[in-house]
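Asker: Can you read through this structure? Questions will come right after.
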Amino acid sequence: MTHLGLLRAVAANSFQFSRTDAGFIAEAFEAVVSFILNLPWIALEFLQVNAKPLTQVILLPGLAFVLVFAIIAVWFERKFLARAMLRVGPYYCGKRSGLLQVFADFLKLFMKEIIVPKDMDFMFFAAMPVLVSTLPAMAMILIPFDSNWVLWDIGSLSLPMFFAIAGLAPLLPIFAGWAANNKYSYIGAFRVAYMYISAEIPLVICAAAVAIMAGSFDLLKIVEAQQGMWFAVPQFLGFAIFFLGVIIESERTPFDIPVAEVELVFGWRTEYSGILFGFTMMAEYVLFQAWTLMFITLYLGGFNGPVLLGMTTASHIFWLLAKFAALVVLIILIRCVFPRLRLDQMLNLGWRTLTPLAVLNLVFVLALKVLGVY
Amino acid sequence: MTEPIIKPDVMRISWGPQHPMSGQTRILLDVDGEKVHKIIADLGFTHRGIEKILENRSFFQGIIPIERMVMADTTNIGMGYVSAIEKALNIEVPERAKWIRSLMCEMSRINSHLYAFGLQAEATGYFPAVFLWTTVDRTILLDLFEELTGARWSYNFILPGGVHKDFPEGFQAKLIKGVEYLRRRFEDYWEAMVENAVFEARCNGLAVLKPEDAIRLGATGPVLRGSGIPMDTRKDDPYAAYPDLDFDVITEPACDVMARTKVRYREIGESLKIMEQVANEIPEGPISTKTSFFVRSKPAEVMSRVETARGELGIHMYTEAAPNPYRVKINSPTLRNMYVFERLAELDEILMADIPVVINSIDPWYLDSDR
């Protein structure tokens with residue numbers, strides 16, 4: 001008999017009583033005691049049954065991956081940018097590597113006062129940074145790391161679901177900017193609205209082209225369809241557009257228009273302080289992570305790669321993370337090179353260049369499909 | 001400052017003094033969405049009464065406070081004040097001192113233009129590399145200054161009657177080495193910044209100031225030359241050794257922010273040329289005529305003009321028979337250019353995102369305008 005079964009038996013026995021029963025209290029007491037005594041076994045069984053999803057939630061697409069990536073990316077970006085600027089970067093915390101500086105900064109942000117401006121809706125204001133950093137992390141549970149390492153495998157709904165969840169993300173800065181009751185936040189929030197609308201449409205069209213080429217909306221099937229050739233090769237246009245889209249969606253230079261420091265102080269994040277500001281910084285990296293993983297899944301063959309040492313799952317995860325790391329370095333490198341675009345230039349780029357090109361890409365894919373090449 | 005009434009549907013933003021890019025001033029912007037309708041510069045946050053301080057100091061002591069007007073460009077400001085004193089006191093300056101003065105002025109101009117150039121990079125976006133590069137490369141100049149004068153920032157080196165010290169041993173060779181290094185670096189700046197596609201997209205055709213508007217509004221310095229008008233006090237009303245030196249007045253025909261940036265860039269090249277000439281051709285001779293520290297002037301009213309990095313600095317000095325000036329009036333270039341900046345929103349379409357770029361193309365130094 002399993003431990004859970006034992007518990008059920010105990011419970012079934014325990015609750016066969018009537019109100020007049022003299023042993024009522026004793027039996028109820030016995031049931032509670034047996035439940036508590038069996039708790040370790042119940043927990044163990046729960047872990048046994050749910051070992052894989054739990055590992056996934058805690059380790060890979062989940063909490064540890066998000067946090068470790070944020071820490072390493074912040075550290076790497078600071079060191080890397082410092083090299084480009086002829087500086088050394090963080091130096092004292094964690095000796096010369098400066099790795100502990102990230103933790104020190106987090107601790108500092110955590111202990112700082114959260115300043116609440118006058119006449120503002122505080123609950124609304126405080127909820128936004130938390131939501132904006134957790135939503136993209138939620139979208140990440142759809143990303144396949146291997147054919148049997150998908151946290152939430154919903155078949156052909158997975159690609160639309162990703163866009164549905166990630167598409168909610170720009171709403172939150174708009175609310176945050178509104179709630180902050182500050183002119184700079186307000187302008188930043190509306191810049192977010194303009195920018196995401198112009199960026200998300202070409203992204204969705206590109207994703208549709210990928211789905212057509214793979215013949216499915218299922219991310220796993222899209223990855224399997226790229227075993228022979230990555231979609232980056234036949235759909236080079238879509239690849240380039242989606243790459244720009246990743247930078248736009250994660251609000252990184254040259255498209256960090258909503259938080260433009262020299263123009264808008266810090267855009268929609270201006271009024272946030274303390275750990276709430278820490279959450280908005282975290283959100284930047286989580287968004288970056290979610291969209292980059294999606295980009296790899298759609299165009300760079302996802303987890304495909306040669307199997308190393310006969311461990312299929314491990315090598316698939318390794319290849320996905322390796323591609324991810326290379327892209328992160330590339331996108332951070334772009335930050336050293338380019339200044340920021342203006343909002344109107346960004347909108348021109350989105351509506352007049354990226355959207356027509358995305359449609360062209362879609363037509364090209366349809367032509368390939370009709371001609372039977374794919 | 002009384003704030004003018006604004007139109008409905010227009011939001012007034014107080015851009016500064018608490019702002020990452022504003023400096024020590026406040027600029028009121030009337031914006032409708034992203035478009036800026038009106039710019040109102042609210043100057044005077046750093047008024048220190050330098051003109052009044054100068055009335056209470058002897059001629060020599062006045063050099064110290066007046067150099068605090070623009071810390072990146074101290075020699076040019078000091079040059080203006082000292083040449084006013086020399087005109088008032090009728091002091092002759094030996095030839096070698098004039099050449100050393102020109103050298104110091106040009107080094108100071110490069111120092112200031114490098115800072116402006118880096119800020120221009122910073123203003124177009126988080127473009128961190130160039131700002132830090134210019135900051136690092138300024139140390140070359142600061143080392144040369146330290147070698148010559150003993151100070152890295154405020155030198156008080158140009159004194160009535162000449163300069164404080166002669167070149168130290170082997171200084172000319174170091175000058176030429178520094179010039180060669182900086183020339184190499186400027187090629188990097190050109191490639192990394194001026195020819196950067198996104199930088200060009202941001203700056204080309206932005207905030208056009210037509211030549212007639214530039215003259216009407218009283219623009220000066222690189223702003224005026226960026227509108228294609230070849231006006232430079234070093235040529236028009238030569239002082240120090242400039243009549244003997246070979247250099248060009250830089251102008252750009254485009255009249256936009258990019259033109260002003262390019263003017264600064266190319267002026268640095270001209271200044272390097274002058275530095276090289278001074279290192280090679282400086283005449284021998286005494287470096288100063290003896291002037292008493294407690295010198296008293298005769299009644300006089302003089303006006304001196306010098307070309308600082310930001311434009312023409314005018315110093316109008318009225319003296320009586322006393323060891324200190326009776327009244328000094330300073331016409332500072334930043335103040336003149338800030339009037340131009342205020343009008344730019346009416347002359348050309350400026351967006352909210354362009355404000356830091358446009359204001360840094362003026363290269364404001366608020367301590368200069370507020371005095």
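Taken together, the values in this text are just the output of simple stated rules run on the coordinates, not laboratory data. What you are looking at is a predicted structure, and each value in this text was computed from that prediction instead of being measured. As a convention, Cβ positions derive from the backbone with ideal geometry for all residues, glycine included, and neighbour counts pool all protein chains shown.
Asker: Identify all aspartates and glutamates with a Cα-Cα distance to A:Lys221 below 18 Å; exclude those on the same chain that are fewer than 8 residues away in sequence.
Answerer: A:Asp146, A:Asp153
Asker: On a 0 to 90° scale, report how tilted helix B:128-149 is relative to the longest principal axis of chain B, with both axes built from alpha carbons and the result rounded to the nearest 10.
Answerer: 10
Asker: Grab the other residues whose beta carbon is less than 12 angstrom from that of B:Lys174, score K and R as +1, D and E as -1, and report the net.
Answerer: Net charge in that neighbourhood comes out at -4.
Asker: For B:Lys177, give me every one of the lysines with a C-alpha distance below 24 angstrom, ignoring sequence neighbours fewer than eight places off in its own chain.
Answerer: The reachable lysines, counting only those whose Cα sits under 24 Å from B:Lys177, are B:Lys98, B:Lys165, B:Lys273.
Asker: Right, next: What does the structure give for B:10-21 when I average, per residue, the other chain Cβ atoms found within 10 Å of the residue Cβ?
Answerer: The shielding value for this peptide is 3.
Asker: Suppose every K and R has +1 on its Cβ and every D and E has -1 on its Cβ; what is the size of the dipole of the stretch B:1-133 about the Cα centre, in Debye to the nearest 20?
Answerer: Value, rounded to 20: 240 debye.
Asker: Also, quick follow-up: Go through the stretch B:94-197 and name the GluC sites (Glu not before Pro) that are in a DSSP coil and have 10 or fewer other Cβ atoms within 10 Å of their Cβ.
Answerer: B:Glu169, B:Glu195
Asker: From other protein chains only, count the Cβ atoms within 10 Å of every residue's Cβ in B:26-35, then give the mean.
Answerer: Going residue by residue through B:26-35 and averaging, the value is 2.
Asker: Can you give the mean number of other chain Cβ atoms that lie within 10 Å of the Cβ atoms in peptide A:343-352?
Answerer: The per-residue average across the peptide is 2.
Asker: Here's a follow-up. Taking the Cα centre of the stretch B:50-366 as the origin, how large is its charge dipole in debye, to the nearest 20, when only Lys and Arg (+1) and Asp and Glu (-1) carry charge on their Cβ atoms?
Answerer: That gives a dipole near 940 debye.
Asker: Something else now. Tell me the mean residue ellipticity at 222 nm calculated for chain A from its helices only (DSSP H runs of n ≥ 4, each -39500 (n - 2.57), averaged over every residue, nearest 500).
Answerer: Calculated mean residue ellipticity at 222 nm is -22000 deg cm²/dmol.
Asker: Can you find, among B:Ile39, B:Leu29, A:Ile334, the residue sitting farthest towards the positive end of the charge dipole of the protein assembly as shown, where Lys and Arg contribute +1 and Asp and Glu -1 at Cβ?
Answerer: Value: A:Ile334.
Asker: Hey, got the dipole for the protein assembly as shown? About the Cα centre, +1 on K and R Cβ, -1 on D and E Cβ, debye to the nearest 20?
Answerer: 740
Asker: Where does the charge balance sit around A:Ile201 when Lys and Arg score +1, Asp and Glu -1, over other residues with C-beta under 14 Å from its C-beta?
Answerer: Every neighbour counted, the sum reads -1.
Asker: Just to confirm a number: summing +1 for Lys and Arg and -1 for Asp and Glu over residues other than B:Pro356 whose beta-carbon lies under 11 angstrom from that of B:Pro356, what do you get?
Answerer: -2
Asker: Hey, with R₀ at 41 Å, roughly what FRET efficiency would A:Ala314 and A:Ala367 work out to, going by the Cβ-Cβ distance, to 0.05?
Answerer: Rounded to the nearest 0.05, the efficiency is 0.55.
Asker: Could you compute the longest span of chain A free of trypsin sites (Lys or Arg not before Pro) located in DSSP loops and having at most 11 other Cβ atoms within 10 Å, not counting the site residues?
Answerer: Segment A:119-374 is the longest.
Asker: At 222 nm, what value in deg cm²/dmol follows for chain B if DSSP H runs of at least 4 each add -39500 (n - 2.57) and the sum is divided by all its residues, to the nearest 500?
Answerer: That comes out to -15000 deg cm²/dmol.
Asker: Follow-up question, since we're still on this one. What are the aspartates and glutamates whose alpha-carbon lies under 20 Å from the alpha-carbon of B:Lys210, with same-chain residues fewer than 8 places away excluded?
Answerer: B:Glu200, B:Asp232, B:Glu252, B:Asp256, B:Glu312, B:Glu342, B:Glu346, B:Asp348, B:Glu349, B:Asp354, B:Asp363
Asker: Oh, and also: Between the stretch B:169-231 and the stretch A:177-236, how far is it from one alpha carbon centroid to the other, in angstrom?
Answerer: Measuring centre to centre over Cα atoms gives 41 Å.
Asker: For the pairs B:Lys87/B:Lys235; B:Lys174/B:Lys262; B:Lys235/B:Lys329; A:Lys108/A:Lys323, flag any whose C-alpha to C-alpha distance is greater than 25 Å.
Answerer: Violating the 25 Å limit, Cα to Cα: B:Lys174/B:Lys262; A:Lys108/A:Lys323.
Asker: Here's something else I'd like to know. Within the stretch B:58-77, which residues have the backbone N less than 13 Å from the label spot 7 Å out from B:Ala322 along Cα→beta-carbon, could you tell me?
Answerer: What the label zone holds, given the 13 Å backbone N cut-off, is B:58-59.
Asker: Which whole-number percent is the relative contact order of chain A (Cα, under 8 Å, 6+ apart)?
Answerer: 20
Asker: Just grab the label-to-label distance for B:Phe293 and A:Val49, each label 7 Å out from Cα along the Cβ direction, in nm (one decimal).
Answerer: Roughly 9.4 nm, to one decimal.
Asker: Tell me the angle of helix A:274-299 to the major Cα principal axis of chain A, expressed in degrees between 0 and 90 and rounded to the nearest ten.
Answerer: The angle comes out at about 80 degrees.
Asker: Take chain A, connect every pair of alpha-carbon atoms lying under 10 Å apart with a spring to form a Gaussian network, then pick out the residue of A:Ala283, A:Ala240, A:Ala26 with the largest mean-square fluctuation.
Answerer: Answer for the Gaussian network model of chain A: A:Ala26.
Asker: Let me ask something else about it. Among B:Tyr366, B:Ile355, A:Pro173, pick out the residue whose Cα is farthest towards the positive end of the charge dipole of the protein assembly as shown, where Lys and Arg carry +1 and Asp and Glu carry -1 on C-beta, about the Cα centre.
Answerer: Going by the charge dipole, the pick is B:Tyr366.
Asker: For chain A, what size does the Cα cloud have along each of its three principal axes, sorted from largest down, in whole Å?
Answerer: Each principal axis gives a Cα extent; for chain A these are 82, 62, 43 Å.
Asker: Let me ask something else. Could you sort A:154-160, A:211-217, A:303-309 so that the peptide with the highest average Cβ count within 10 Å comes first and the rest follow in order?
Answerer: Top to bottom by mean Cβ count within 10 Å: A:211-217, A:154-160, A:303-309.
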